[in-house]
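Worksheet for the structure shown next.
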Amino acid sequence: MFELLERVAGEEPGRAAVVTHTVSRSYGELLADARRVAAALTREGVGRLAVVDHEAPFVVPLLAGAALAGVEVTQYPPVEPDEVRDLLARLGHDVLVTDRADLSGLGARVLATHELLATDPAPSGPLPVDRPHLVLTTGTTGAPRGVRHDWSRLVRGTSRVAPAPGQRWLLAYGLHQFAGLQVLLHVLAAGATLVAPAPRRPREGLAAMRELGVTHASATPTYWRFLVAEMRSDGGPVPALRQVTLGGEAVPGPLLDVVRSTFAGASVSQVYAASEFGSTGSMRDGRPGLSVDVLDRGDDADVDMRVVDGELWIRSRTGMLGYHGEPPVDADGWRATGDLVEVDGDRVLFRGRTSEIINVGGVKVHPLPIEERVAAVPGVDMARVHGRPNAMTGAIVALEVVPSRGVDLEALRSDLRSACADLPAAARPRSIRFVDTVDTTGSKIVRSHA
Amino acid sequence: MSTSPEDVRRTVVEFLTLIEKLPEGFADDTPLYADGAGLDSLETAELSATLEDVHGSDPYATGDMPQTLGDIQAFFAAGS
């Protein structure tokens, strides 16, 4: 990604690269910072490191500088010291880059971020052949895993991004998440501006949209649901977005309708990507799922997909090299995604994750179609379908609903039952709870446990 | 809600009414399954979840298979 930064800085060094409510950093400034980081890491003899700073104006040059120096970086999520200690042990990191005062004494050598950025810049030179990067999975189905990438493969996925210096993209993900990196790479490839509020909750995202001139935004369906609910609640103006992108989870059709009607002037697209297989491009037709055109593209395609026993498989030339601590995988080989799909006419529709299937008395139930149906009931702001342990059937389908403000809950309960009445008996929610919020991890709904 | 026989009865009657399986003359000794209320396994699972939600525990979760409302009331009366 250093090369993307360098290219734009060469064209227009003063162009804004990263903007927050308090600071604006240009491409030229970030490039200089990246060279400082590269010089410092080379001087310190660092080969691998973990980063626990989360403000984009610091993280972007850290990532770029490490790439320039051929140093593998892993950005940790914003967690407490005990969890940082666990991650250090699990990932074998002995160097920690941070300005946090509570992370000394964890057994790792600490390099202060501000000191790395105060070093004399490294001179220009060729990029190293190997530019490793390690991304953590969100851990929605267990402990986070380290996914090994190389920047050359990741940057390859941006080769078709057109220059768009006027775009201002919201950073709704953390840069420790693969989706956040995808947004960053897209912004740098387009020579656009990254708007990075902190923290990255929908409320702050909405404020950034209104106050910092965001024109484009990519986030999970869960994030968009919260953001729309937040906007309805505060009654403020609808941000003038030109592009709304959803990804990271299956996108329910009713939510697409809500987003389209709310942001009437925006193009709406979906992206399908994961830490393991990278980005597969976007769907811009506003319909749920993927076009069947993504299937069986042939060996020449950078990304190809096929359906095997109801599960989507992918071959990607921008995907991972393997998991940390495990043997390398065939980087260009086929991999199961864990996403259950169904080919319906000209679409590949998502039905849930293999890990989310609810076994109701031996009947396999996919939560997503139920969630979609429930989310379309008036008075429902958000819904989560999950398996609830039950002595009679092993599990039952349980439904958690965040109701709209002022809704008659008993009437809503009746409407929910009616909406699900024609589902197969095992798929009908047998437990309905009204809640203030639903469980999320990394802005994704957690369905895999009760 | 308490686990008094009256409250437990109210929960079970409301549940049977909701799923439209409340038999005429439903009494404490009316069978919950087959020729009584006719609950199937999924409806029984739902009753189990409802009892847990409303009263904090339920006999099915402990391995019991109550046959009547009276059995359910007895479970709660025993202090389970």
- [ ] Loop only per DSSP, at most 16 neighbouring Cβ atoms within 10 Å: give me the GluC sites (Glu not before Pro) in chain B, ordered by residue number.
- [x] B:E20, B:E24
Open item on the list: Just to compare against my own numbers: the Cα pair-distance distribution for chain A, 20 Å bins, whole % per bin, please.
Closed with: 24, 56, 19, 1
- [ ] Can you tell me the alpha carbon radius of gyration of region A:95-183 divided by the globular rule-of-thumb value 2.2 N^0.38 Å?
- [x] 1.38
- [ ] Give the whole-number value, in cubic angstrom per residue, of the convex hull volume spanned by the C-alpha atoms of region A:131-200.
- [x] 89 Å³
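Once the Cα gyration tensor of region A:287-439 is found, what semi-axes does its equivalent ellipsoid get, as square roots of 5 times the eigenvalues, in whole Å, sorted largest first?
Sorted largest first and rounded, they come to 35, 18, 15 Å.
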Task: Dipole of chain B [Lys/Arg +1, Asp/Glu -1 at C-beta], most positive-end residue of B:L32, B:V54, B:T17 - done: B:V54
Task: Dipole moment magnitude, nearest 20 debye, the protein assembly as shown about Cα centre, only Lys, Arg, Asp, Glu C-beta charged - done: 1760 debye
Task: Value of D in µm² per second that Stokes-Einstein yields for region A:114-162, Kirkwood Rh from Cα pairs, at 37 °C (0.692 mPa s) - done: 232 µm²/s
Task: Helix A:409-419 axis, angle to chain A major axis (alpha carbon atoms, nearest 10°) - done: 80 degrees
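For peptide A:385-392, what's the mean number of Cβ atoms from other chains within 10 Å of each residue's Cβ? Don't skip to the end; give the middle numbers.
Details: counts 0, 0, 0, 3, 2, 11, 13, 12.
The per-residue average across the peptide is 5.
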- [ ] Just check region A:230-273 against the gyration tensor rule for me: Cα atoms, a ≥ b ≥ c as the square roots of the eigenvalues, rounded for a/c under 1.5, and otherwise prolate or oblate depending on whether a/b exceeds b/c.
- [x] prolate
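I need the fraction of alpha carbon pairs in region A:1-43 separated by more than 14 Å, rounded to a whole percent.
48 percent
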Task: Folded to 0 to 90 degrees: helix A:27-44 orientation relative to chain A principal axis, Cα - done: 70 degrees
- [ ] For helix A:2-11, report the angle its Cα long axis makes with the longest principal axis of the Cα atoms of chain A; keep it between 0 and 90° and round to the nearest 10°.
- [x] 70 degrees
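Rounded to two decimals, what ratio of Rg to Rh does region B:30-76 give with C-alpha atoms and a Kirkwood Rh?
My calculation of the ratio gives 0.93.
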Task: Pair-distance profile P(r), taking every C-alpha pair of chain B, with 5 angstrom steps and integer % - done: 3, 16, 32, 29, 16, 4
TODO: Could you tell me the convex hull volume per residue, in Å³, taken over the Cα atoms of region A:188-289?
DONE: 110 Å³
TODO: About the Cα centre of region B:5-77, how large is the charge dipole given +1 on each Lys and Arg Cβ and -1 on each Asp and Glu Cβ? Please answer in debye to the nearest 20.
DONE: 60 debye
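How do the peptides A:90-103, A:371-384 rank, highest first, by the average count of neighbouring beta carbon atoms within 10 Å per residue?
Details: A:90-103: 17.4, A:371-384: 20.2.
So the order, starting with the most tightly packed, is A:371-384, A:90-103.
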- [ ] Determine the principal axes of the Cα atoms in region A:357-445, then give the extent along each, sorted from largest to smallest and rounded to whole angstroms.
- [x] 38, 32, 22
Task: Helical mean residue ellipticity (222 nm; -39500 (n - 2.57) per DSSP H run of 4+; nearest 500) of chain A - done: -8500 deg cm²/dmol
Open item on the list: Step by step: find N for region A:150-236, compute 2.2 N^0.38 Å, then divide the Cα radius of gyration by it. What's the final number?
Closed with: 1.13
Task: Gyration tensor (alpha-carbon) shape descriptor, region A:299-341, a/c threshold 1.5 - done: oblate
TODO: Starting from the Kirkwood radius over alpha-carbon pairs of region A:38-194, derive D by Stokes-Einstein at 4 °C in a medium of 1.567 mPa s and give it in µm² s⁻¹.
DONE: 80 µm²/s
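Read-outs throughout are calculated quantities, based only on the coordinates presented, and are distinct from any laboratory measurement. Since we're looking at a predicted model, the values are computed, not measured. All Cβ positions, even for glycine, are placed from backbone atoms using ideal geometry, and neighbour counts span all protein chains on display.
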